[in-house]
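Some notes on the structure that comes next.
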Amino acid sequence: MTDLADLIRRRLADRPRRTIDTAGLRRAAVLIPLFSEDGEPHVLFTRRTDTVQDHKGQISFPGGATDPDDPDAMTTALRETDEELGIPRDKVLVLGALDDVDATVSGFLITPFAGIIPHPFPFRVNAAEIAEVLSAPLSVFRDPSGMRVERRERAGRRIDVYFYTYGAYEIWGVTARIMKSFIDTVFGEG
């Protein structure tokens, strides 16, 4: 995992990060939690409850809206990861930030961060927000045959919506777009 962490850190640092103006969108941040299991890198996801305000029942990364007290996006991502899963900030090795992502349907501007989390970890799951914690091998997202793209219309423009299937799970929308950006940026496979 050390080699992968070094690669991610280097690739995220060695390129200009695309930022988006926040006009009209609420700031948010997420963590792409990576860990090693049986020598293979995995990505951790959550499935949101059907009672949360946004993205009901969808698979997502830990994260959420920026609080007024958050000094920056990284603080938001780490605070939300702690609130949702009980992973303290000092247990996450943040490797860097990806490009900002606009989620115009839900009105968010999201800054994703990649980080290494301990594994195994005794999660304290916030049952009001998280219905399930799941993971998938990173190789699932590096295999182009595991992704499909649908062209959809949003706000009068055509956009690509990405979908990854892993077992019974379908990872799509903003989460899939962030995952594709991560794979393209780190591995140059886009």
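Readers should treat all values here as calculations from the given coordinates under stated rules, not as data from a laboratory. Worth saying up front: this structure is predicted, and the values here are computed from it rather than measured. We place every Cβ from the backbone using ideal geometry, glycine too, and count neighbours over all the protein chains shown.
Gaussian network model of the chain, Cα springs within a sub-10 Å range: biggest mean-square fluctuation belongs to which of 171, 20, 117?
Greatest mean-square fluctuation among the candidates belongs to 20.
Which of 127, 168, 28 moves the most in a Gaussian network model of the chain with Cα springs under 10 Å?
For the chain, modelled as a Gaussian network with Cα springs under 10 Å, the answer is 168.
Multiplying the sequence separation of residue 124 and residue 154 by 0.36 nm and subtracting their Cα-Cα distance, what value in nm do you get?
Working it through step by step, the gained length comes to 7.1 nm.
Suppose every K and R has +1 on its Cβ and every D and E has -1 on its Cβ; what is the size of the dipole of the range 1-98 about the Cα centre, in Debye to the nearest 20?
400 debye
Relative contact order for the chain: what is it in percent, counting Cα pairs under 8 Å that are at least 6 residues apart?
25 percent
For residue 103, enumerate residues with amide H under 5 Å from its amide H, sequence gap 5+ or separate chain, H modeled in the peptide plane.
Placed amide hydrogens put 108, 109, 110 under 5 Å from residue 103.
Comparing 122, 33, 88, which has the greatest mean-square fluctuation in the GNM of the chain with Cα pairs linked when under 10 Å apart?
122
For the range 139-157 and the range 65-87, compute the distance between their C-alpha centroids and round to whole Å.
That distance is 28 Å.
With θ set to phi - 60° and the Karplus curve 6.51 cos²θ - 1.76 cosθ + 1.60, what are the ³J(HN,Hα) couplings of the range 59-71 in order, to the nearest whole Hz, using x for Gly and Pro?
So the J values, rounded to whole Hz, are 7, 8, 8, x, x, x, 5, 6, 7, x, 7, 6, x.
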